[in-house]
2 protein chains.
Amino acid sequence: MATQQRRERERAQREALIVSAARDMAEADGWASVTVRRLAERIEYSQPVLYSHFAGRGAIVDAVALQGAAELAEALERARTGAEEGEELEAVAQAYLDFAAANPALFEAMFALAEGLEFGPNAPDVLKAGFAQLYAVFAPLAGDRDPETLTETGWAALHGLAVLGRDGRLRPGLQQDRLAILLRQFVNG
Amino acid sequence: MATQQRRERERAQREALIVSAARDMAEADGWASVTVRRLAERIEYSQPVLYSHFAGRGAIVDAVALQGAAELAEALERARTGAEEGEELEAVAQAYLDFAAANPALFEAMFALAEGLEFGPNAPDVLKAGFAQLYAVFAPLAGDRDPETLTETGWAALHGLAVLGRDGRLRPGLQQDRLAILLRQFVNG
DNA sequence: ACACGATACTAGCACCGCTAGACAATCGAG
DNA sequence: CTCGATTGTCTAGCGGTGCTAGTATCGTGT
């Protein structure tokens, strides 16, 4: 019946609403302030409704993290394909740092909070897509070394810059300089 | 009076007991399982006693993080001074990764949980001491670049390797290869 | 011996994640 | 069109959390 489809559509819409509300709240006041109660009030439903969509609070965080992974992959791809020839690495790396700086709570969900977000061989496609973007710019530098290992190394270096920078553990205002240093190490190695 | 001193000594001892108990529990079952109630039961005191030592649960985490910073600084220094000439960088970098792998909960406290742990100019001495160890091995590679910025970059790269590796986001068993790649980029740059 | 100050405790607050059971709205069969 | 059945939502409440006010107890100095 058509009614059934409308139901499912509305349900999917509400699920998206939950995820985006959680994300907004986290980005505004931190993940600690994202409680199931407040989230329920925000979307104007009672708490059990949330549990009909997600297994628990953790699953909501996971959903936000997954959304973040998708957006990150997209941002990296946009940066790479939109870059001048020969400047893809700089563009992608910059996009990674920009993404982390622009969406700190989202980044936190992806790399600190999410428990059910699998990496490795069984990782969701969006994660693999993100890694593929990094691979596309790092692998050409591998030479005789394993390109995947080199990509992992480059990613980790970039990631460290992002997280330490976000937490105020590196001197502010010098992120560009650090990125320049890092990339020079990689293109010259 | 001498009694007063004994009191203070016992008090300091109990404070250390709290910190080490929290650390042990976190390392054994994760930080989520470190609740004030369980911690109180573990040290065989009631909860308010904890609050006479620390402002709250967060302050206990901070104390653990500070202890971790001290141990990390010590481990790095030991690695550096104990290394063969010319291999200080490898030794220190390896020590950093080993420390993160051996004390995941401690590392989490330091870089994800601690809220009251200041970095930058007002950072506690132990943190500066740790950075100084990194500076000692990275700065010589700076050439015409700012040695502090290069150190920050090297630290970040190393840190990224540590955290992504710890969370299972890089293929296991290849940490050595990645470190080798990373260091080669830095010594050749 | 006794009053006093320090110290630890019991009990309870508001809030958390989560869920059982009651209730209402919608659907399909006759 | 009516009436069970099913689906969906809500109210209320459980155990646990961080934290604290008020009470009792203990050791101390006079």
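The values are calculated or read from the model by the stated rules, or taken from the named source; none is laboratory data. Remember, it's a predicted structure, so these values are computed and weren't measured experimentally. Here the Cβ is made from the backbone with ideal geometry for all residues, glycine too, and neighbour counts use every protein chain on show. The area values use the complete protein model at the heavy-atom level, side chains included, leaving out ligands, DNA and RNA. Shrake-Rupley method; radii C 1.70, N 1.55, O 1.52, S 1.80 Å.
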_Once exposed loop GluC sites (Glu not before Pro) are cut out (DSSP; at most 16 other Cβ, 10 Å), longest piece of chain B_ = B:119-189
_Occluded residues from the range B:109-125, i.e. those whose accessible area drops by 50 Å² or more once the chain is not alone (1.4 Å probe)_ = B:PHE119
*Just check the range A:69-133 against the gyration tensor rule for me: Cα atoms, a ≥ b ≥ c as the square roots of the eigenvalues, rounded for a/c under 1.5, and otherwise prolate or oblate depending on whether a/b exceeds b/c.*
oblate
*Whole-number accessible area per residue in Å² for chain A, which is evaluated in the context of all protein chains at 1.4 Å*: 50
_Contour excess over end-to-end distance, with Cα ends at B:ASP144 and B:ILE43 and 0.36 nm allotted per residue_ = 31.0 nm
*Size of the A/B contact, given as accessible area buried on both chains, probe 1.4 Å, in Å²*: 3100
*asked:* Using Cα springs under 10 Å in a Gaussian network model of chain A, which residue among A:GLY116, A:GLY160, A:GLY143 shows the largest mean-square fluctuation?
replied: A:GLY143
_For a test of the definition: using alpha carbon positions, the gyration tensor, and the 1.5 limit on a/c, classify the protein assembly as shown as rounded, prolate or oblate._
oblate
*What is the calculated FRET efficiency for A:ALA180 to A:GLU118, with r their C-beta to C-beta distance and R₀ = 51 Å, to the nearest 0.05?*
0.90
*Nearest 0.05, what FRET efficiency do A:ALA132 and B:ARG57 give at R0 = 45 Å with Cβ-Cβ as r?*
0.65
*Starting from the Cα of A:ASP125, step 7 Å toward the Cβ, then list every residue of the range A:55-71 with an amide N under 11 Å from that point.*
none
*Average projection area in nm² (convex hull over Cα atoms of chain B, one quarter of hull surface)*: 13.3
*Nitroxide proxy distance, nm - points 7 Å out along Cα→Cβ at A:GLU74 and B:ALA28*: 4.7
*Volume of the Cα convex hull of the range A:1-70, divided per residue and given in Å³*: 89
*Compare each residue of the range B:145-172 in its chain alone against the assembly with all protein chains, and report those whose accessible area goes down by 50 Å² or more; 1.4 Å probe, heavy atoms.*
B:ARG145, B:THR149, B:GLU152, B:THR153, B:ALA156, B:LEU164, B:ARG169, B:ARG171
*Residue by residue, what Karplus-based ³J(HN,Hα) values in Hz, rounded to whole numbers, does the range B:9-25 have, using 6.51, -1.76 and 1.60 with θ = phi - 60° and x for Gly and Pro?*
5, 4, 5, 4, 5, 5, 4, 5, 4, 4, 4, 6, 5, 4, 4, 4, 4
*Got a number for carbon plus sulfur as a percent of the protein assembly as shown's accessible area, 1.4 Å probe?*
49
